[in-house]
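Here is the structure we will look at, set down as structure tokens.
Derivation of every value follows stated rules applied to the coordinates shown; laboratory data play no part. Computed from a predicted structure; not experimentally measured. Cβ sites come from the backbone with ideal geometry, for glycine too, and all protein chains shown count toward neighbours.
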Amino acid sequence: MNKVFESPGEAISDVFDGCTIMSGGFGVSGVPFTLIRALYEKGIRGITIIANSPGGRQKEMDLSILFEKKQVEKVIASFPVYSGEINAFEQQYSKGEVELEIVPQGTLAERIRAGGAGIEGFYTPTGSGTIAAEGKETRTLGGKECLLELPLKADFAFVKAYKGDTAGNLVYRMSARNFNPLMAMAAKVTIAEVEEIVEVGELDPECIVTPGIFVQRLVKGEKYEIRFE
């Protein structure tokens, strides 16, 4: 089945107010900039964003732009702010206009993985004895107090890959893999933004990281000039 969509707007046409979206990326690597821009232009509101960060490194085009029109209601992230200029997310959070749930980075990755694997919870010592433990069930395992963490799932996952074929199989480039493969497994609908689309059979099977069974839609992304610090 050909999963290629002609435009980012078409690919996200059924994204709705109040939905939960996972968005891949780490800093500027592996961020689905084109899909984020399409979401901004569509004007969807009340979004819960699950990401490593709500943006800030490329604030003209990363998740930061969604806060300009107050489209986001809640953020679940491990690295919510960057040093330097205060961005729109920080301003809204300080005013109580957006909710924030901070999750340790490894725990965030494992909660997403659990969501994709059908695991209904796991125990980890990370966060024990801190504010992260408040309200969570605990057990002593291996002599350590461990917190019960629940899986994360989403209505949509926006992922960024290097190449994809028309069946949705994805190949990533270097560190751009980061959260993308995990998120692709944990959403009802996964939309992949890729740099190049090829026919089935043109990708080396040994290089495919995300099988097409996890990807419902594919769109070619725009090229952006990325500034590295």
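When peptides 40-48, 117-125, 15-23 are ranked by their average number of other Cβ atoms within 10 Å per residue, the highest-first order is 15-23, 40-48, 117-125. Taking chymotrypsin sites (Phe, Trp or Tyr not before Pro) across the range 136-225, the ones in a DSSP loop with at most 15 further Cβ atoms lying within 10 angstrom of their Cβ are Tyr224.
Pairs spanning more than 28 Å between alpha-carbon atoms, out of Lys69/Lys163; Lys188/Lys220; Lys70/Lys188; Lys42/Lys136: Lys69/Lys163; Lys42/Lys136. Taken over the range 68-155, the percentage of Cα pairs per 5 Å bin, counting from 0 up to the bin with the maximum distance, is 3, 13, 19, 20, 17, 14, 9, 4, 1, 0. Once backbone amide H atoms are built at 1.01 Å from N, Lys160 has Gly24, Glu193 as its partners under 5 Å, excluding neighbours fewer than 5 places away on the same chain.
How much length is gained on full extension from Glu97 to Lys70, taking 0.36 nm per residue of separation minus their Cα-Cα distance? Stretched fully, the Glu97-Lys70 segment lengthens by 8.9 nm.
The 3J(HN,Hα) values that the Karplus relation (6.51, -1.76, 1.60; θ = phi - 60°) gives for the range 126-138 are, in residue order, 4, x, 4, x, 10, 4, 5, 8, 4, x, 9, 5, 10 Hz. Gly and Pro appear as x.
Looking at the chain as a GNM with Cα springs under 10 Å, which of Glu137, Glu199, Glu90 has the largest mean-square fluctuation? Of Glu137, Glu199, Glu90, the most mobile in the Gaussian network model is Glu137.
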